[in-house]
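Each remark here refers to the structure printed beneath this line.
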Amino acid sequence: MWSGPRNLSTALMRSFENRRDTVVTDEPLYGVYLHTTRKPHPGADEVMARMDLDWHQVVEDLCGAPPSPGSLWYQKHMAHHLLPSMTRDWIDGLDNVLLIRDPARVVASYVQRHESVRPEDLGYAQQLEIAVRVKATTGAPPFVLEAEALQSDPEETLQRLCTHLKIPFDDAMLSWPAGPRASDGIWAKHWYAGVEASTSFQRARTVPASFNPSYSGVVDEVQPLYRELQRLGGV
């Protein structure tokens, strides 16, 4: 699941982890991303100390057997963690799905936690790269999932996703117990308070996204990428 930040990605990970047949992995390339970019994220030193910083080894593990034999393996990836120095061929062996969200809402949420935002922080370019690659290698359009669809009709949206993945839909995906998970990344204490308090997908707010006009240029720059992802995915 290739997502950008502030896209309901952790809630969707919760949804899959609540299935009895699924094991999840939380942002396995985050340590590599921080080590390479030196972004000043909260708890960055602790994240890098706890994670493998060799992307070749991380990728080898991700393409191997699931941590729990016989399980479905849900990998939650932040698309912007896919750095230019990394090869892309390894993703061809995965079932790649793209989780997208309206850039205005992403930016409005992002700047509540960060002092600034740049287009490359949001992952739309990498998501589009993956979408184009999926279509070229499989001959079929990528499955593009709108965060707003998860909020407005989670059952129908998850049923479509499960059909695409050729796995049975499970009602357990619609709700989950509140609280932290052992599978959460060490960064959860900085970012996951909202999802830890949640027990299901929450309805989207109907008010327009609001942010400082100085961020409008970022929204305008990534908007065409978002629209192209929608077009490729038929959403």
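The values are calculated or read from the model by the stated rules, or taken from the named source; none is laboratory data. These numbers were taken from a predicted model, which means no experiment stands behind them. Using ideal geometry, Cβ is built from the backbone for each residue, glycine included, and neighbour counts are taken over all protein chains shown.
Worth pointing out:
- Checked against (1) within 23 Å of Glu17 (Cβ to Cβ); (2) of a type in the set (Ser, Thr, Tyr); (3) exposed (fewer than 12 other Cβ atoms within 10 Å of the Cβ), Ser183 passes all but a single condition, namely (3).
- Glu129 meets the conditions (1) within 19 Å of Met78 (Cα to Cα); (2) in contact with a strand residue (DSSP E or B) (Cβ under 6 Å, 6 or more places away or on another chain) in every case but one. The failed one is (2).
- Tally of residues being farther than 11 Å from Tyr33 by Cα and exposed (fewer than 11 other Cβ atoms within 10 Å of the Cβ) across region 67-88: 3
- Val195 farther than 19 Å from His77 by Cβ, within 19 Å of the chain's Cα centre (by Cα) and among the β-branched types (Val, Ile, Thr): no
- For region 122-168, a tally of residues being in a loop (DSSP other than H, G, I, E, B) and crowded, with 16+ Cβ neighbours inside 10 Å returns 3.
- Number of the condition not met by Ala209 [criteria: (1) outside any helix (DSSP H, G or I); (2) under 20 Å from the mean Cα position of the chain (by Cα); (3) among the aliphatic types (A, V, I, L, M)]: (2)
- Any pair with Cβ under 8 angstrom, 6 or more apart, that starts in region 52-66 at a residue that is modelled with pLDDT under 95 and ends at one that is small (Gly, Ala, Ser) and not in a loop (DSSP other than H, G, I, E, B): none
- Residues satisfying the stated conditions in region 29-60, i.e. of a type in the set (A, V, I, L, M, F, W, C), farther than 17 Å from Lys76 by Cβ and surrounded by 13 or more Cβ atoms within 10 Å (Cβ to Cβ): Ala44, Met48, Leu53
- Taking the criterion of being surrounded by fewer than 16 Cβ atoms within 10 Å (Cβ to Cβ) and closer than 25 Å to Pro42 by Cα, no residue of region 217-235 qualifies.
- Residue pairs meeting the criteria (Cβ under 7 Å; at least 6 apart or on separate chains; first touching a residue at least 60 places away in the same chain (Cβ under 8 Å), in region 215-235; second surrounded by fewer than 21 Cβ atoms within 10 Å (Cβ to Cβ) and in a helix (DSSP H, G or I)): Val218/Pro119; Val219/Ala104; Glu221/Pro119; Val222/Pro119; Leu225/Ala125; Leu232/Lys135
- Listed by first and then second residue, the pairs linking a residue in region 175-197 that is on the phi > 0 side of the Ramachandran plot to a residue that is at pLDDT 95 or above, with Cβ atoms under 9 Å apart and 6 or more places separating them unless they lie on different chains, are Gly179/Glu196; Gly179/Ala197.
- Screening Val24 on (1) farther than 22 Å from Glu129 by Cβ; (2) surrounded by fewer than 20 Cβ atoms within 10 Å (Cβ to Cβ); (3) of a type in the set (A, V, I, L, M, F, W, C) shows it passes everything except condition (2).
- Thr157 under 25 Å from Gly70 (Cβ atoms), without any contact (Cβ under 8 Å) to a residue 60 or more places away in the chain and hydroxyl-bearing (Ser, Thr, Tyr): no
- Subset tally (residues that are surrounded by 12 or more Cβ atoms within 10 Å (Cβ to Cβ), under 16 Å from Ala147 (Cβ atoms) and without any contact (Cβ under 8 Å) to a residue 40 or more places away in the chain) for region 199-214: 0
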